[in-house]
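Single-structure report; data block below.
The values are calculated or read from the model by the stated rules, or taken from the named source; none is laboratory data. Quantities reported herein were computed from a predicted structural model and do not represent experimental measurements. Note: ideal-geometry Cβ built from the backbone for every residue, glycine included; neighbour counts use all protein chains shown.
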There are 2 protein chains.
Amino acid sequence: MWLIDATPALFTDLYELTMAQVYFKKHMDQTAEFEVTVRRLPEHWGYFVMAGLAEIETYLEAFRFDENDVAYLQSLGTFETDFLDYLGQFKPRVRIRALPEGTVFFPHEPILEVSGPILDAQLLETYILNILGFSIIEATLAARTVLAAGDKPVLDFGLRRCQGPISALRAARGGQIAGFKATSNVFAGRALTLLPSGTMAHSYVQAHDGEEQAFRDFAEQFGQNAVLLVDTYDTLEGIQVAAAVAQEILEAKGIRIKGIRIDSGDLVALSRFAREYFDKQGLDFLRIFVSGDLDEYKIRDLLEAGAEIDGIGIGTRYSTGRHAPALEIVYKIVQYHGRNLCKSSPDKVTRPGRKTITRVTDSGRHENDIIGPFDPAAPDLLRPFEAAEPMETIQRRLAQELAALPGPFKAIRDPETYPVHFTGSR
Amino acid sequence: MWLIDATPALFTDLYELTMAQVYFKKHMDQTAEFEVTVRRLPEHWGYFVMAGLAEIETYLEAFRFDENDVAYLQSLGTFETDFLDYLGQFKPRVRIRALPEGTVFFPHEPILEVSGPILDAQLLETYILNILGFSIIEATLAARTVLAAGDKPVLDFGLRRCQGPISALRAARGGQIAGFKATSNVFAGRALTLLPSGTMAHSYVQAHDGEEQAFRDFAEQFGQNAVLLVDTYDTLEGIQVAAAVAQEILEAKGIRIKGIRIDSGDLVALSRFAREYFDKQGLDFLRIFVSGDLDEYKIRDLLEAGAEIDGIGIGTRYSTGRHAPALEIVYKIVQYHGRNLCKSSPDKVTRPGRKTITRVTDSGRHENDIIGPFDPAAPDLLRPFEAAEPMETIQRRLAQELAALPGPFKAIRDPETYPVHFTGSR
């Protein structure tokens, strides 16, 4: 599913392995505690949404150095034979506590804790960060987009311009968690049991002798699933041609095609024209989909300006995190052999020791979070993690979390800062 | 190498398949010509660098719908049995012309042309765009970074925060094309025959009883390859501890360790302090590496401010294309069945017909480009593509291209616009 059958243990920075060799040779095998935090919210974001644990589960299960991996490492001349033999039979022995997927969280909160022999826990750093970082970006962007779109269905069209096929899967799954209706990505559709969705490209219209023939062929083939792309030439004309073909198919076969897609131009004016035109023709069943470099800000603006929209396709800006392509996500040691640790380099101060997160609520509304020293008896947002939850559980959790988060913290622009307090851990 | 053994044919938007079904049922099987172009340069970029063809070669070779793929498509209820049978034995029959990797190019220039039956050429759209877009971003960013770094070696540290493992490979290969010295990414090191490189993490220093023991263990293990991270606590002190350990190892074993890495703080002041301190102690062999959210702009500023640097690690900003995470890259039909095609929707006008690119030079310097109607007899930057070239060929080409591009077009900030003229194709 995540395409990591191929030697996922090598998805790592070399220094994880050089450090590991020192730990191995020096018999540093006591338990270390690492925690993952995100240092800062991107501009205009009020919260993060936890995601990525399903992929982490797959990664941990698949983690091994196979013979080819070991032979490659040997060829570098950096590693000693006894250490390479050790890697050849290595399986990470770690326990994980994490925020369940779909949980809303804030900067500096521990979101995932890895406990185990320092060698084991260190080796997982690079790829756990890689998985969590973009998974959180996409789940959060998806939540923001769904909030902006209100009751309008959102569709993920992001595959073609995202940075790779795994990032596309992370984008599709983020959308799934937040409630997107479908994805254009067929591979993600299969891997994640998502509805794949698609219409037609401009090239399809151009290859035909005119829009009418292109639309007719498509409507006859796909019937009630047909969505016609109307902006290849003159969009106002395209809308009228689509209406004529919809009328023709309705009369000839009694079939109501699904609608149209507008991918450029003034989406407010064009969608309003289309809605009015269709309704006048008795084609009120035709739905209007829009796309074209949209994001949560543009969607909010479109809807506030009165666009007549029945569905929204988002692509590049979503699937690359245009406004926040990376998070300041870090994996820091907080304890080794029972000793609490922190670092003090400028701007990168860490807080020592394992922690518990308490979320204070009032009448079901989130009030503030308190981060304190680890207390196994206290209610804690961090929970032992072994296997991913069913998608419905994650979706329901995010919906509840967003409902419980007061409006000012989830504003799409200029949100208020949610209060997070640290107690007794310094 | 590119992890696409798993059903790469499903790395596609559903609409490629719905359109294909219409072409199949309607016997639209004439030759189509598609071209890939990029509409606009990101802010401060003066050119693009072609990259991605090696991955396209792998993609085309691996392209097939296996039994599971066909069964999945069947389960959607959208496709007819004869079409699914056709997909089950489908291999794309296309010819490709492309700019060779490492070629410098500009907006609106055709960089890759796909010719073949319209069904075949259309099916490749989504993933060809996915491959080319981020490969070009990374090769271009790498070229910009190397130009900013001058004679200082650049290292790719971007795996942990990039958007996925394939995007990390694209980043590593972009760096390889432009002349990066190494990558931290072990998988990329193996897949691309790149030098993997790494030092140590702050956690490693913290897990020891003090910096001195941490540095000593590492220096003893890795000798002349050891690079010590000095900014976990007080960086000025860390530099002095590193010097003491280097002196100790030199005296005890006659080994000169490699150097130090500074990952935070005022890199100009700290690197100058370290250089002066090392030189005074007779440790002039110690090299100084810097890292920490660097990009071409910050590198240029550091060097202009007199930082004493022997190597530069770049991470997040490079490996996610922070300032340009996606390009406006499109795959447009320009001819079908001998008929030249264009579209006329607002802001997305395309130019009809196949094209030839002529690069006009004067005394070996690039003067301007002329895009005209396809002329098989003319010198043309687009060349038939079948298999990727050796990396050395690509590296040499890029070096020559950048040497031939006059300075104002390759400025890192506010470059001039390179002249590209269109003739006779409208």
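Within region A:386-403, the only residue that satisfies the criterion of being more than 19 Å from the chain's Cα centre (by Cα) and assigned to a helix (DSSP H, G or I) is A:A403.
Quick one: would you say B:L302 is assigned to a loop (DSSP other than H, G, I, E, B), modelled with pLDDT of 95 or more and under 19 Å from B:K152 (Cα atoms)? No.
Residue under question is B:Q122, and the condition is that it be part of a loop (DSSP other than H, G, I, E, B) and crowded, with 24+ Cβ neighbours inside 10 Å; does it hold? For B:Q122, the condition - part of a loop (DSSP other than H, G, I, E, B) and crowded, with 24+ Cβ neighbours inside 10 Å - is not met. Would you mind stating whether A:L302 is under 24 Å from the mean Cα position of the chain (by Cα), surrounded by 20 or more Cβ atoms within 10 Å (Cβ to Cβ) and more than 13 Å from every other protein chain (Cβ to nearest Cβ)? Yes; evaluated as a whole, the condition is true for this residue.
Where strands (runs of 3 or more DSSP E) fall wholly inside region A:315-374, the ranges with 2 or more residues that are facing chain B (nearest Cβ under 9 Å) and at pLDDT 95 or above are A:329-336. Scanning region A:140-186 for residues that are free of Cβ contacts under 8 Å to residues at least 24 places away in the same chain and either part of a helix (DSSP H, G or I) or among the aromatic types (F, W, Y) (or both) yields a count of 2. Within the option set A:A71, A:A32, A:A54, being in contact (Cβ under 8 Å) with a residue 12 or more places away in the chain, within 14 Å of chain B (Cβ to nearest Cβ) and not in a loop (DSSP other than H, G, I, E, B) holds for one residue only, A:A32. Of all the criteria given as (1) more than 20 Å from B:K298 (Cβ to Cβ); (2) within 14 Å of chain A (Cβ to nearest Cβ), the one not satisfied by B:I137 is (1). B:I309 fulfils the conditions (1) surrounded by 18 or more Cβ atoms within 10 Å (Cβ to Cβ); (2) facing chain A (nearest Cβ under 10 Å); (3) under 27 Å from the mean Cα position of the chain (by Cα) except for a single criterion, (2).
In region A:389-398 there is no residue matching the filter, namely being surrounded by fewer than 11 Cβ atoms within 10 Å (Cβ to Cβ), in contact (Cβ under 8 Å) with a residue 60 or more places away in the chain, touching a strand residue (DSSP E or B) at 6+ places or on another chain (Cβ under 7 Å) and assigned by TED's automatic domain parsing to the domain that holds A:L60. Filter region B:222-240 down to residues that are crowded, with 19+ Cβ neighbours inside 10 Å and touching a helix residue (DSSP H, G or I) at 6+ places or on another chain (Cβ under 8 Å), then give me how many there are. So the count comes out to 10. Exactly one residue out of B:T232, B:T199 is outside any helix (DSSP H, G or I), touching a Leu at 6+ places or on another chain (Cβ under 7 Å) and of a type outside the set (G, A, S), and it is B:T199. Condition check for B:I412 on (1) surrounded by 14 or more Cβ atoms within 10 Å (Cβ to Cβ); (2) under 17 Å from B:V360 (Cα atoms); (3) not hydroxyl-bearing (S, T, Y): one failure, at (2).
Is it fair to say A:Y336 is under 30 Å from B:L294 (Cβ atoms), crowded, with 20+ Cβ neighbours inside 10 Å and in contact (Cβ under 8 Å) with a residue 24 or more places away in the chain? Criteria met by A:Y336. Taken across region A:170-177, residues that are facing another protein chain (nearest Cβ under 9 Å), out of contact with any Phe, Trp or Tyr (no Cβ under 8 Å at 6 or more places or on another chain) and buried (at least 24 other Cβ atoms within 10 Å of the Cβ) do not occur at all. Which residues, taken from region A:74-119, are outside any helix (DSSP H, G or I), more than 14 Å from every other protein chain (Cβ to nearest Cβ) and aromatic (F, W, Y)? Across region A:74-119, the qualifying residues are A:F90, A:F105, A:F106. Listed conditions (1) more than 10 Å from chain A (Cβ to nearest Cβ); (2) closer than 26 Å to B:N340 by Cβ; (3) surrounded by fewer than 20 Cβ atoms within 10 Å (Cβ to Cβ); (4) not hydroxyl-bearing (S, T, Y) are all met by B:R64, apart from (2).
Between A:I239, A:I257, the distinction of being in a helix (DSSP H, G or I), touching a strand residue (DSSP E or B) at 6+ places or on another chain (Cβ under 8 Å) and of a type in the set (V, I, T) belongs to A:I239 only. When B:E251 is tested against (1) surrounded by 17 or more Cβ atoms within 10 Å (Cβ to Cβ); (2) more than 14 Å from chain A (Cβ to nearest Cβ), only condition (1) is not met. Is it true that B:V38 is in contact with a strand residue (DSSP E or B) (Cβ under 8 Å, 6 or more places away or on another chain), modelled with pLDDT of 95 or more, surrounded by 17 or more Cβ atoms within 10 Å (Cβ to Cβ) and within 13 Å of another protein chain (Cβ to nearest Cβ)? When the stated conditions are applied, B:V38 passes them. Restricting A:P110, A:P100, A:P92 to residues that are surrounded by fewer than 23 Cβ atoms within 10 Å (Cβ to Cβ) and under 23 Å from A:I333 (Cβ atoms) narrows the list to A:P92.
Note on region B:404-426: residues that are in a loop (DSSP other than H, G, I, E, B) and of a type in the set (G, A, S) amount to 3. Of all the listed residues (A:T235, A:T199), the sole one being assigned by TED's automatic domain parsing to the domain that holds A:I312, at pLDDT below 95 and touching a Gly at 6+ places or on another chain (Cβ under 9 Å) is A:T199.
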